[in-house]
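S.K.: Let me give you the structure first, and then I'll get to my questions.
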Amino acid sequence: MITINGKQYPFKAGQTVLEAATAAGVYIPTLCSHPHLTAFGACRLCLVQIDNVRGLPTACTIPLTDGMNIRTESEDIQRLRREIMLLMLSEHPYSCLVCKDKDLCVKYNSCTTKAGKITGCNLCSWKEGCEVRKVVDYLKIDEITYPIHYHDYPLKREEPFIDRDYNLCVLCGRCVRVCEDIRGIGAIAFLNRGHKTRVGTAFDMSNVEAGCVFCGACLDECPTAALTGRATKWLAKTEKRTKTTCNFCGVGCAMVVEGRRSTVMRAQADLEGPANKGQACVLGRFCIPSFFNAIGRLRYPLVRKDGVLTPVQWEEALKAAADGLKAHDPGDVRIIISPQVTNETAYLLSRMSREVLPGSIMELDSAFDTVALRSSRELLGNAGSSGSLVAINNAGTILIVGADLHLDHSVLRVRINAAHKRGAKVIWLGPMPQGEDRLVDYHYPGTDYLDKLAGLLRKMAHDAHNFEGSNEFLESLVGFKDSKESTELAKLIRGKSLCILLGKGVLMDQPEAVFTAAYNLLVLTRSPRGLILLLESNSQGISDVSGLPTAALESPPAAKAYYVTSGNAYVPKEADFLVLQDIFESPLMERADVVLPGTGMPEDAGTITSLEGRVQALDPIALAPGMSKQDWLIVAKLAIQMGGAGFAYDTAGQVTEEMFKATKVKSLGLIAKDSYAFKLHTMEQPQRTAHSSPTNKNVHGHRGADIVYKVDDLRRLYKYWGVVE
Amino acid sequence: MKHAHQNQCLDRTERNCSEDTAKKLSTIFLKYRKDKDDLLSILQDIQDEFGYLSEEAIHLLSKEIRISENEIYGVATFYAIFRFEKPAEHRITVCMGTACYVNGADKILDEAEQKLGIKTGQTTEDGKISIGHVFCNGCCGHAPVVVVDNEVSGGWTPTKLDKTIDKLKEGSP
């Protein structure tokens, strides 16, 4: 037990005074501490008095011991805190902080004034979240006795996404620490010293040049408005705030999203998110509002009349779609599911395919995900990753194969970075983005993944005898060559727990054989939970609820009627009927006979499943634009129109409930994975035919649109990186 | 991967770094472990070798010890001893102490500024000459005093400085 201000509280071993006080609901002012960062003791505001401890220690750095008697407020402490705050404020635009009409101003002058340069709180866009204001209120500072030392640094507004006004910076160092310690980027650092100290980059180059990946972690840490998100900072006050899940990639980051009517206002990583733990990436942090609010959203159902797509009522559109699909033999109908739709939509689509259009073929619109899920089902018995993301944290060696962690799944870098700091070795096979060399210990740039992995298996072959299937496995290895690289790799991998991240780069080689090789490696290193497939948005969930992808067909018969949920899907020109359900206008609309406007992630209800098999809920924050409807509802109505029974639902929740009963997805949270037969598989010889990937035409395809071309700042960033023209 | 952006990327790592510089740097790196703790000593060695810390040097160092350039630059700017611009070949320092000032040091400084077309504290574009001023060299009896490349001498006039600058420009001190 410890005593804080005379009251007794329990505590956990390893907690600091500040953590215990916060848990007990006792406020201790602080600017430089944050739950996810290691203690720093820079701002000196959390001074406390502890019996038998000399002086006034900082609460954030003192670990608790039993029986500590702590006082968080006394005349002495408050005087010191006030003095510290005054010194800090002498460099900060403080006029509004000490204004006698401050309270009235907050009450009656709530409109944000849209000024570029902030000279007081009334011009600040971050008034409500500002931590400096909170501390000033707590310390009751009403006069500043020190002379003004305003730095007058120029505003930095030329970089993508983030506006920087270092005149507001209080040098708490949270941005610097999160960038270096948690993200492992180090794009900013403290420069100079004393009064001239500031946060900046080497030789004052731009942040893009300095290696910034614009994950926005610094922005979420900033206690002031020194760093602000340009696209959203002047939007009106938000009406609603909710927790939902990002579906731009398969990591499954929990996000806190704010909205007002049909506009998404802001998205921030959820500190308690199980997959992302308070971190996001450039897509999740900055692109959710910009993308879903972008122009080109589909608002009305459209039906082609005399060759022209014409806005119509829902009934008419659904009838046209149903009639068109029914007019064909079900065997000629192809349903293409976009990886971005919810589990509910996929579940209803698969029911529709089975019950209303028996014999129709469903496809998942992602080349890599189709191969990855199919191969993993053959090898593991379970379609999907063999373990959860914890495998990355626990691994002794992390092998990244054919991924690009700057563009996709970049939140996983946080876990890789933590493992790397702990001593895990990171090996990267395939092309590597600039700036990863601090994270990666060994880099082998070639895209001959199969040769490298097979060579590696050969080197480790004498570990194979203990496993089932070793004879066939060893025989099948004979045709592969050794190389210098595989000897090196074998040294690094042998004897440690392994985690393999497989990205869509393996499509350049023989993907199925690469999967077999990766799986065999995990068997040899006895790391059953180490396979992480870098899947797109909700491919895992779609596979779980609909059984996709089905077994590979030699030559899939061409269909005549198509029902697709993504404008990126491949539909042959010969198709004579096309129903397109999408959220953005896309080139495929030119050929569509019926267009049904669906909803995106911030407007959707339901669940999605991340690449580790974690089922998470979507909570709609914005109204669907125009007449558009949530995708599951469109599918249900279309099924009813086509004569399907049992498709009448009122809410997405009812579909979710039914889905939990009928499929292997049973509840929210991580799906338990069966342990699989631990045996070696024979390796196929490389055939050297380049695998084409027809759906790989976009950088960040999201339904029918490409995020890069909807968000200008992202395009600017990718232009610098050389990803887009 | 269709967009292997590393292939087309504006490659920041390919900063113009001459082979000579890289060679000198690698000799310095050999003396140390690849460790954060050696950072200051390495920076000092680099400055001793090149006279300043260049962008290329910091970049190569960051690759070597796997600390971000920004952090290295941050550490270096903390200390007053490190310079980040190439020092001029020759340095003219005019004393502006009281004795020198009343003996016309301001005219001498004016002459230098006008002749070289730069201000005090700057370096000529070709990197040859920089001018600066101090407030007393401790030899006021020789006023006005000018220090040319660490050589202190007195009795200067604008004309004398003019000729000296000409000589420095030609290359002979």
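Derivation of every value follows stated rules applied to the coordinates shown; laboratory data play no part. These figures come from a predicted structure and were not determined experimentally. Cβ placement follows ideal geometry from the backbone for every residue including glycine, while neighbour counts extend to all protein chains displayed.
S.K.: Determine the shape class of the range B:15-78: with a ≥ b ≥ c the square roots of the Cα gyration tensor eigenvalues, call it rounded for a/c under 1.5, and otherwise prolate if a/b is greater than b/c, oblate otherwise.
M.R.: Details: a/c = 1.37, a/b = 1.21, b/c = 1.13.
Because its axes are fairly even, with a/c under 1.5, the range B:15-78 counts as rounded.
S.K.: Could I ask something else about it? Considering only the protein assembly as shown, what is the antiparallel percent among its DSSP beta bridges, to the nearest 5?
M.R.: Counting only bridges with both partners in the protein assembly as shown, antiparallel ones make up about 55 percent.
S.K.: So, one more: Where the centroid of each part is defined by its Cα atoms, how far is the range A:397-434 from the range A:15-67 in Å?
M.R.: Each part reduced to its Cα centre gives a spacing of 34 Å.
S.K.: Checking the cross-link filter: which aspartates and glutamates have an alpha carbon closer than 17 Å to that of residue A:277, excluding same-chain neighbours under 8 positions apart?
M.R.: List returned: A:180, A:181, A:220, A:221, A:612.
S.K.: Another question, then. Which value, in debye to the nearest 20, describes the size of the charge dipole of the range B:15-78 about its Cα centre when Lys and Arg Cβ atoms bear +1, Asp and Glu Cβ atoms bear -1, and nothing else is charged?
M.R.: Values: 9 positive and 13 negative charges, 44 e Å.
Once rounded to the nearest 20, the dipole reads 220 debye.
S.K.: How do A:632, B:156 line up, fewest other C-beta atoms within 10 Å first? Don't skip to the answer; put the middle values down first.
M.R.: Values: A:632 29, B:156 24.
With the fewest neighbours first, A:632, B:156 line up as B:156, A:632.
S.K.: Quick one: grab the alpha carbon gyration tensor of chain A, order the square roots of its eigenvalues as a ≥ b ≥ c, and give me rounded if a/c is under 1.5, else prolate or oblate depending on whether a/b is larger than b/c.
M.R.: On the way: a/c = 2.05, a/b = 1.39, b/c = 1.48.
Here chain A falls in the oblate category.
S.K.: With angles folded into 0 to 90 degrees, how steeply does helix A:412-422 sit against the dominant principal axis of chain A? Use alpha carbons for both and round to 10.
M.R.: With both axes taken from Cα atoms, the answer is about 60 degrees.
S.K.: What is chain B by shape, rounded, prolate or oblate, if you read a ≥ b ≥ c off the alpha carbon gyration tensor as root eigenvalues and call it rounded for a/c under 1.5, prolate for a/b larger than b/c, and oblate otherwise? Write out the running numbers ahead of the final one.
M.R.: Working: a/c = 3.02, a/b = 2.27, b/c = 1.33.
Prolate is the answer for chain B, as a/c is 1.5 or above and a/b outweighs b/c.
S.K.: Stretch residue A:550-residue A:8 to full length: gain in nm at 0.36 nm per residue minus the Cα-Cα span?
M.R.: Stretched fully, the residue A:550-residue A:8 segment lengthens by 189.0 nm.
S.K.: Within the range A:408-432, list the residues whose amide N lies under 12 Å from a label point set 7 Å along Cα→Cβ of residue A:496.
M.R.: A:419-428
S.K.: For the residue pair residue B:55 and residue B:140, what label-to-label distance in nm results when each label sits 7 Å from Cα along the Cα-to-beta-carbon direction?
M.R.: Roughly 4.6 nm, to one decimal.
S.K.: What average count of beta carbons from other chains do you get within 10 Å of the Cβ of residues in B:57-67? The partial results should precede the final answer.
M.R.: Working: counts 0, 2, 2, 0, 0, 5, 2, 0, 0, 5, 4.
Per residue, the number of nearby Cβ atoms from other chains is 2 on average.
S.K.: If contacts are Cα pairs under 8 angstrom and at least 6 residues apart, what is the relative contact order of chain A in percent?
M.R.: Details: 1479 pairs, mean separation 101.0, N = 725.
Computed over chain A, the figure is 14 percent.
S.K.: What nm value, rounded to one decimal, do you get for the distance between residue A:119 and residue A:662 when each label is placed 7 Å out toward the C-beta?
M.R.: The two pseudo-label positions are separated by 6.5 nm.
S.K.: Roughly what angle does helix A:75-89 make with the longest principal axis of chain A, taking Cα atoms, 0 to 90 degrees, to the nearest 10?
M.R.: Orientation of helix A:75-89: about 70 degrees from the principal axis.
S.K.: In addition: Between the range A:526-591 and the range A:124-150, what's the alpha-carbon centroid distance in Å?
M.R.: Going from one Cα centre to the other spans 54 Å.
S.K.: Oh, and also: Can you sort A:659, A:432 so the residue with the fewest Cβ neighbours within 10 Å comes first?
M.R.: Values: A:659 27, A:432 21.
Taking fewest neighbouring Cβ atoms as first place, the list is A:432, A:659.
S.K.: Can you tell me the dipole magnitude for the protein assembly as shown around its Cα centre, using point charges on the Cβ only (Lys, Arg +1; Asp, Glu -1), in Debye to the nearest 20?
M.R.: The calculation lands at about 1420 debye.
S.K.: Let me ask something else about it. Working from Cα positions, state the angle (0 to 90°, nearest 10) between the long axis of helix A:631-641 and the longest principal axis of chain A.
M.R.: 30
S.K.: Under a crude label model (7 Å from the Cα following the beta-carbon direction), how far is residue B:125 from residue B:81 in nanometres?
M.R.: For residue B:125 paired with residue B:81, the spin-label model returns 3.6 nm.
S.K.: Next question. Could you calculate the FRET efficiency of residue B:37 with residue A:197 from 1/(1 + (r/R0)^6), where r is the beta carbon distance between them and R0 is 25 Å, rounded to 0.05? Show your work: numbers first, answer last.
M.R.: Numbers: r = 23 Å, r/R0 = 0.91.
Efficiency, rounded to the nearest 0.05: 0.65.
S.K.: Tally Lys and Arg at +1 and Asp and Glu at -1 over the other residues with C-beta under 15 Å from the C-beta of residue A:103: what net charge comes out? Mind dumping the intermediate values first?
M.R.: On the way: positive: A:100, A:102, A:107, A:127, A:133, A:134, A:140; negative: A:101, A:128, A:137, A:142.
Neighbour charge sum, excluding residue A:103 itself: +3.
S.K.: Report, in whole Å, the centroid distance computed from the Cα atoms of the range A:75-94 and the range A:475-493.
M.R.: 63
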